[in-house]
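The values are calculated or read from the model by the stated rules, or taken from the named source; none is laboratory data. Predicted model only: the values in this text are computed from it and were never measured. We place every Cβ from the backbone using ideal geometry, glycine too, and count neighbours over all the protein chains shown.
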Amino acid sequence: MISIIVPVYNVEKYLCKCLDSLLHQIYQDFEVIMVDDGSQDSSGKICDKYAENYSHFQVIHKKNNGLGMARNTGMEYATGEYILFIDSDDYLDDDFLVKIYDTLKSNNCDTCKTCFRRINEKGIKSIENQILNEVIYKDEDITKKLLPRMIGSSPTIKDAIPMSVCCTIYSMDIIRKYELKFVSEREWISEDILFNIQYYSVAQKVILSNYIGYNYRVNMNSLTTTYKKNRFEKSILMYLKEQELLKNMGLLETCQYRLDRQFFIYTKMSLEQMKNSELSKRNKINEIKYICNSEILRNIIKEYPIQKLGIKHKIFLYMLKNKMTYFLYLLMCK
């Protein structure tokens with residue numbers, strides 16, 4: 001059986017679409033654990049309705065504590081052999097569970113990871129970082145070949161695999177055995193990456209599937225798009241934490257440039273999120289100056305093989321390196 005964890009917080013507009021997509025699954029051996037994380041809209045009542053009408057749906061109401069903690073709560077109630085996480089504004093194709101479960105079992109794997117479609121606010125669909133061919137990773141190859149690609153792309157090619165825990169079936173035996181939990185996204189930039197580093201370091205057989213049946217809704221008010229004043233500082237903490245974990249695993253040398261490139265993406269996001277903020281032009285420029293003067297950022301750029309990057313990335317790093325504050329403001333924050 002598959003346990004499906006659905007953290008819920010103020011998503012009344014999209015929640016029924018998400019839950020109905022679970023009801024319509026061809027594969028029906030699953031339970032749904034909805035974790036209402038202190039919603040202030042009608043989301044909690046919607047969860048109650050589904051729990052009342054469908055015996056394999058249950059709802060847990062809790063005080064608001066964030067996405068990572070809601071997932072942890074859901075895992076405490078999970079009874080399935082495998083577990084799947086779905087965000088409550090996303091939805092699945094009808095054949096998602098049967099495809100991913102059959103792929104997992106027919107290849108005798110403990111984990112199956114797929115990719116996803118992005119759905120923007122206009123309903124336009126796109127696919128990024130698509131997995132072209134099914135590949136199986138065993139034992140040391142998981143940490144030496146798969147995990148580095150989840151950290152980020154290499155300098156020479158865009159070969160990253162999305163780090164999101166959604167669109168992946170995980171083994172509950174592994175999660176329970178190693179007592180794996182999510183950290184809070186209120187403290188860390190990506191609770192998904194930290195969970196995945198821990199999980200894949202102990203997984204034994206993982207298959208990447210080229211099937212796509214998870215629909216990820218791009219929400220302009222989400223955690224990843226909303227402006228946060230300390231976003232860049234948290235990006236630095238995230239970089240240092242991943243460095244520490246990878247060093248302890250003996251993977252830092254293999255992953256260093258990938259980790260650096262991920263940090264550049266976080267830096268770019270820190271700049272882009274200022275565009276829709278209420279900051280004045282002067283304050284935006286001051287924040288850009290602060291970022292450009294970061295000693296950690298400057299050291300990473302100094303050691304990174306910039307010449308191997310594409311032209312857009314080269315220009316971005318050139319502007320950071322040379323503290324071209326006003327041009328960065330015009331390009332990304334105006």
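In summary, V165 fulfils each of the numbered conditions (1) closer than 16 Å to I100 by Cβ; (2) modelled with pLDDT of 95 or more; (3) buried (at least 20 other Cβ atoms within 10 Å of the Cβ) with the single exception of condition (2). The single condition from (1) closer than 30 Å to E187 by Cα; (2) within 21 Å of the chain's Cα centre (by Cα) that L22 fails is (1).
Filter segment 238-264 down to the residues that are among the basic types (K, R) and touching a residue at least 40 places away in the same chain (Cβ under 8 Å) and list them by number.
Going through segment 238-264, the residues among the basic types (K, R) turn out to be 241, 247, 258, 261.
Residues satisfying the conditions are K241, R258, R261.
Scanning segment 51-72 for residues that are surrounded by fewer than 17 Cβ atoms within 10 Å (Cβ to Cβ) and out of contact with any helix residue (DSSP H, G or I) (no Cβ under 8 Å at 6 or more places or on another chain) yields E52, N53, S55, H56, K63, N64, N65. The number of residues in segment 76-100 being assigned to a helix (DSSP H, G or I) and surrounded by 21 or more Cβ atoms within 10 Å (Cβ to Cβ) comes to 3. Of N53, N107, N72, N64, all but one fail to be of a type in the set (S, T, N, Q), touching a residue at least 24 places away in the same chain (Cβ under 8 Å), in the same structural domain as V206 (by TED's automatic domain parsing) and farther than 21 Å from M172 by Cβ; the exception is N64. Within segment 265-278, residues that are in a helix (DSSP H, G or I) sit with their Cβ atoms under 8 Å from residues that are of a type in the set (F, W, Y) and surrounded by 16 or more Cβ atoms within 10 Å (Cβ to Cβ), at 6+ positions apart or across chains, in these pairs: Y266/F232; Y266/Y239; T267/F232; K268/F316; S270/F232.
Determine if segment 116-123 includes at least one residue that is assigned by TED's automatic domain parsing to the domain that holds M163 and within 23 Å of M172 (Cα to Cα).
To start, the set of residues in segment 116-123 that are assigned by TED's automatic domain parsing to the domain that holds M163 comprises 116-123.
Still in the list and also within 23 Å of M172 (Cα to Cα): 116.
So far as segment 116-123 goes, yes, one or more of its residues are assigned by TED's automatic domain parsing to the domain that holds M163 and within 23 Å of M172 (Cα to Cα).
Can you pull out every residue in segment 44-87 that is hydroxyl-bearing (S, T, Y) and touching a Lys or Arg at 6+ places or on another chain (Cβ under 9 Å)? Let's see the steps before the verdict.
Quick first cut of segment 44-87, residues hydroxyl-bearing (S, T, Y) only: 50, 54-55, 73, 77, 79, 82.
Of everything in segment 44-87, just one residue is hydroxyl-bearing (S, T, Y) and touching a Lys or Arg at 6+ places or on another chain (Cβ under 9 Å), namely T73.
Conditions (1) more than 21 Å from E185 (Cβ to Cβ); (2) aliphatic (A, V, I, L, M); (3) touching a Cys at 6+ places or on another chain (Cβ under 9 Å), marked per residue:
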residue: I236; (1), (2), (3): no, yes, no
residue: N248; (1), (2), (3): yes, no, no
residue: S277; (1), (2), (3): no, no, yes
residue: C292; (1), (2), (3): yes, no, no
residue: E295; (1), (2), (3): yes, no, no
residue: K302; (1), (2), (3): yes, no, no
residue: P305; (1), (2), (3): yes, no, no
residue: K312; (1), (2), (3): yes, no, no
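Of everything listed in (1) in a strand (DSSP E or B); (2) modelled with pLDDT of 95 or more; (3) under 24 Å from Y9 (Cβ atoms), the single unmet condition for Y137 is (3). Of the residues screened, K158 is not one that is of a type in the set (D, E, K, R), modelled with pLDDT of 95 or more and in a loop (DSSP other than H, G, I, E, B).
Residues checked against (1) within 27 Å of L104 (Cα to Cα); (2) within 20 Å of the chain's Cα centre (by Cα):
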residue	(1), (2)
P7	yes, yes
S43	no, no
E52	no, no
H61	no, no
G68	yes, yes
Y77	yes, no
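Per the listing L271, L279, L297, L328, the residue uniquely modelled with pLDDT of 95 or more and farther than 20 Å from D159 by Cα is L297. For the condition assigned to a helix (DSSP H, G or I), over 26 Å from the mean Cα position of the chain (by Cα) and surrounded by fewer than 13 Cβ atoms within 10 Å (Cβ to Cβ), K284 does not qualify.
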